[in-house]
Each structure stands twice: as structure tokens, then as C-alpha cells.
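Data first, discussion second: the structure below is written as C-alpha cells.
Taken together, the values in this text are just the output of simple stated rules run on the coordinates, not laboratory data. What you see is a predicted model, and the numbers here were worked out from it, not measured in a lab. Glycine gets a Cβ as well: all are built from the backbone with ideal geometry, and neighbour counts include every protein chain shown.
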Amino acid sequence: MSTPLPGLPARVTVYEVGPRDGLQNESGVIPVEVKAEFIRQLLAAGHRAVEATSFVSPTWVPQLADAAELLEAVGTAPEGVRMPVLVPNEKGLQRALAAGVREIAVFGSATETFARKNLNRSVAESMEMFRPVVDRARAEGLAVRGYLSMCFGDPWEGSVDPQVVAGHARTLVAMGVTELSLGDTIGVATPGQVVALLTCLGQQDISVDQLAVHFHDTYGQALSNTLVALQHGITVVDASAGGLGGCPYAKSATGNLATEDLLWQLHGLGIETGVDLEALTRTSVWMADQLGRPSPSRAVQALAKDLATPPVAAPVEAPIEELQ
Ligand code: HMG
Ligand code: MG
């Protein structure tokens, strides 16, 4: 049963970042076969956009050093399914092209401190690192997502001016990114800030059709922020199955908005996503088992109790003589 609200889109693309943003932050090594099974289950649940992994320096993010092996295990994305990977530089692009990737994502920062910590470069230097990557990727026919991190607040620099974010957003759009995701990397934003940034971007001719939102849920604000973003025309929302995630180079970044929490809200509002909430919850329960800790998602916790447990085999009756 759903109850719509006026002014919301009929359909939202849920851009699943669990395998990348989620698993990049795990302290233990996750076997490549578990990652591949995770992606297969996400696709089977109906996801049509799954960010699979990153072709970054294995020294910087050892958790995703198996990117090529993982994509080989998963196979090519079916027609109509986006399976982007993060790529910071030309070396990453070469690796991604060799793996048959059809969409990449470059990832810039709105703040200088995070650019330095995450990419070992200033904001301007990192934009120059991305430029040949975007050029070549577009020339090869790839779609290119751009991220901007720390769009609302930064653990080292405090609050971030929307005008500064808009300046960097314009650079990425002018470079040729086909979608721009606005990151609240440490989950500090509140709804007024989201509206202020979207308004500022609109004034600078960056339309909501080009944008996605990427909220981490550190302070429990991700769903409220998402709702106001939808009310302002956003139709692509990043989320992570089971609320996995964080960024290894951002102090105090916790998991992303949990996809199940998002689906509960969207489906309750009558918004189509194409993703099966129950199937996804089963996946997150399975993944939580693999990681050895429960999912922080409120929807997963609530729904997992109701999921039919696999049928338990009837106890085999021991022959009477054995019981004596
Ligand atoms: P650097 O150390 O300045 O790189 O790092 P370099 O170009 O000097 O190269 C150093 C070594 O790394 C060389 O190897 C390169 O070949 C190698 P050596 O000669 O010493 O043997 N190397 C690579 N190897 C494989 N693949 C590559 C690659 N590049 C260099 N692509 C660099 C610069 C950008 C590489 C590094 O800082 C890096 O990899 N950073 C990635 C950090 C990261 O992945 N962070 C998490 C993702 S961002 C995020 O989570 C935020 C987001 O979710 C949005 C939000 O929440 O806001 C997207
Ligand atoms: Mg993130």
C-alpha cells in the first residue's frame, strides 16, 4: 500500500554503491567470490546501476586490489545495466578498459584537505589528472560519472560554501561528465543545505537532470536529505545495500544511506525503482553474515525478522534401539 505525495518523481534510479563504497572500507579481506556473489544478488534483486569496484592504487585501497579479477568473475553487465567503476587517473582507465568496463567514475573533492588526503593532490591538480581520463573515456564511448565529495561539510575545514562546490561542479560538467553525484561524504548535511546547494547549482546552469545525490548517514539525515532532493527534481539516488560503507580517507565517514531504508520510503510514496526490497534484504542479511556483523539499516533489521527462514529439514527420528 503506498500513499503518494505531490511533487515527487514517478520513478527513481537507485544507484547501488555497496560493492565499492561499502567494501572499500572493510578492515578484513573479503574473498573475490563473495564480492562477485554480492553483485550477482544485487542484479538479481532488480538493480540496474551497480558500482562494482575501483581501479585505484592498490596501496591506497588494498580492499579493492582485486578489481580486474572481480569483473572477470562477474562477467559483462547485461544490456541496459550500468556497472561503473571508480577511476582516478590514466593508469586506472587503462586497467578499466582492459577489463571491458563501459562506464567509469572520476572522483573529485570540493575541499582542498580531502583532495590531498584522498588523491594526493590539490583540487586543481586532481581536476587536471581527470581531464585526459574523461577525454579518452568519452572518445572510447564510455559514460563518465563525476563525483564531488565534501559538498556540505568537511571534517578538517568545516562547512563548505555552495558557491565553491558549484565552481568545481562546473569544471567537471565542462570536462564532459555525463552525471555528477553530490557527496555528503561524512553525512553532516541537513535538508536546508541540500536545497541551498541545488538552488545554487541551478543558478549556474547545472540542471537537476545531470545530478545525483550521495548521502552518508552518520547523523541519520540521509533520508530527509533525499526527500528534499527529490522534491527539487533529483531522480538518481546513491545508496548502499545494508548501509555498508564509509571512506577510508575521510575521518568520521560512516556508511551510505542504506538502500533498504531508501526503498521503504520510495515504495511507500508509490515511486517505482524496479528493485525488490525483500530480495535485497535477503542479500544484506547474507552479506552481514559474511562480514560477521549485523547491518546497521533499520529497514533490514525490521524486515529480516519477517523473512521466511529457509525450511528446516524435519528431524530424523532415531531408531528406537539407538535411543535406549
Ligand atoms: P599517488 O601515490 O600520488 O600516485 O596516488 P602516483 O601516480 O604517484 O603512483 C604511485 C604508485 O601507484 C605507482 O606505482 C603507480 O603505478 C601506482 P609504483 O611505480 O610506485 O609501483 N598507481 C596505480 N596502480 C594501479 N591503479 C591505479 C594507479 N595509480 C597509480 N589507478 C592516486 C594518487 C590517485 C593513485 C591515489 O591517491 C589513489 O589511488 N587514491 C584513491 C583513493 C580512494 O579510492 N578513495 C576512496 C574513493 S572516494 C570516496 O569514497 C568518496 C565517494 O564515495 C563520494 C563521497 O562519499 O563523497 C566517491
Ligand atoms: Mg561515499
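Worth a mention:
- Complete set of residues in the range 241-288 that are away from ligand 2 (no atom under 16 Å from the Cβ), part of a loop (DSSP other than H, G, I, E, B) and charged (D, E, K, R): D276
- Of residues in the range 252-274 being within 13 Å of ligand 1 (Cβ to nearest atom) and touching a residue at least 60 places away in the same chain (Cβ under 8 Å), the one farthest from Y15 (Cα to Cα): S252
- Any hit, the range 188-196, residues being under 14 Å from the mean Cα position of the chain (by Cα), within 14 Å of ligand 2 (Cβ to nearest atom) and buried (at least 22 other Cβ atoms within 10 Å of the Cβ): no
- Hits in the range 189-215 - residues which are within 16 Å of ligand 1 (Cβ to nearest atom), in a helix (DSSP H, G or I) and not aliphatic (A, V, I, L, M): Q193
- Boolean, S224 is crowded, with 19+ Cβ neighbours inside 10 Å and touching a residue at least 24 places away in the same chain (Cβ under 8 Å): no
- Residue within the range 203-211 that is closer than 22 Å to L266 by Cα and buried (at least 23 other Cβ atoms within 10 Å of the Cβ) present: yes
- Against the criterion of being closer than 18 Å to M287 by Cβ and within 16 Å of ligand 2 (Cβ to nearest atom), R40 does not qualify.
- Boolean, A174 is more than 14 Å from ligand 1 (Cβ to nearest atom), farther than 21 Å from L266 by Cβ and touching a residue at least 24 places away in the same chain (Cβ under 8 Å): no
- Residues satisfying the stated conditions in the range 68-120, i.e. at positive phi and assigned to a strand (DSSP E or B): none
- Inter-residue pairs, beta-carbon under 6 Å, first in contact (Cβ under 8 Å) with a residue 60 or more places away in the chain and of a type outside the set (S, T, Y) and in the range 133-155, second in a strand (DSSP E or B) and more than 14 Å from ligand 2 (Cβ to nearest atom), 6+ apart: A143/E103; R145/E179
- Among residues of the range 111-129, those that are in contact (Cβ under 8 Å) with a residue 12 or more places away in the chain, more than 9 Å from ligand 1 (Cβ to nearest atom) and hydrophobic (A, V, I, L, M, F, W, C), counted: 2
- Residue under evaluation V133, criteria (1) within 18 Å of V213 (Cα to Cα); (2) within 22 Å of the chain's Cα centre (by Cα); (3) β-branched (V, I, T); (4) more than 16 Å from ligand 2 (Cβ to nearest atom), criterion not met: (1)
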